[in-house]
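Reviewing the structure listed below.
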Amino acid sequence: MARWLWYFWIYSFLGWGLEKGFAAVTRAENQQRKCFLFLPLCPVYGLGMLAVLALPPELSRGGWLIVSGGLAATAVEYAVHWGYEALLGVRFWDYSHVPGNWNGRVCPPFTLAWGVLTAAAVWLLQPGVAALAARIPAAVTYLALLAFTADAVCSARLLQVTGDVKALRLYTTWNR
């Protein structure tokens, strides 16, 4: 179980870095947060990779991984977006301007991107991520879980009270 927590955290961190890099490269006008944590983690990426890693072996080979990984990550993206709206009353992203979008939560171009990213992560990153996660002591996992849980509770409460995703940016230096 601890390995899966570390997979979640590592891919959430890598996703946060990808979001920051994408915003910088595209010089996005609106570089607001795309996740609900104070920590530099984007849980939608971590959850998406957990879904991909849990795929049956027959869907995890060759080109099937691109298709099934894209669909699995898109399903997670839709569910996370719905959860943010239903439970916290906020929207971190909106694809309503993209043709083929589904309720502004997901869209075909990002499904394709998810497929390519998840396949690359499984083929190139996962062996190293698995080796790293296997070496982390239990005590470190418990401390990380405590910090993550405290962050999730505080972040969720702040969003419920303010209803404003920009409120999270005010409390962290790496999200400005």
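Quick note: the coordinates plus some simple rules give every number you see, no bench work behind them. Quick caveat, the model's predicted, so the values are computed rather than measured. Note that we place each Cβ from the backbone using ideal geometry, even for glycine, and neighbour counts take in every protein chain shown.
Observations, loosely collected:
- Debye, to nearest 20: dipole size of the chain, +1 on Lys, Arg Cβ, -1 on Asp, Glu Cβ: 320
- Answer label, with mean projected area of the Cα convex hull in nm² calculated from the coordinates and candidates [x] 12.8; [y] 9.7; [z] 10.5: [z]
- Protection proxy ranking, peptides 16-28, 118-130, average beta carbon neighbours within 10 Å, highest first: 118-130, 16-28
- Using a cutoff of 8 angstrom between alpha carbon atoms and counting only pairs six or more residues apart, the relative contact order for the stretch 1-104 works out to 23 percent.
- Mean Kyte hydropathy of -0.5 or more with a Cα span along the axis of at least 27 Å, helices from DSSP in the chain: 2-25, 62-83, 138-162
- Cysteines (scope the chain) whose Cβ has no counterpart Cys Cβ under 4.7 Å: Cys107, Cys154
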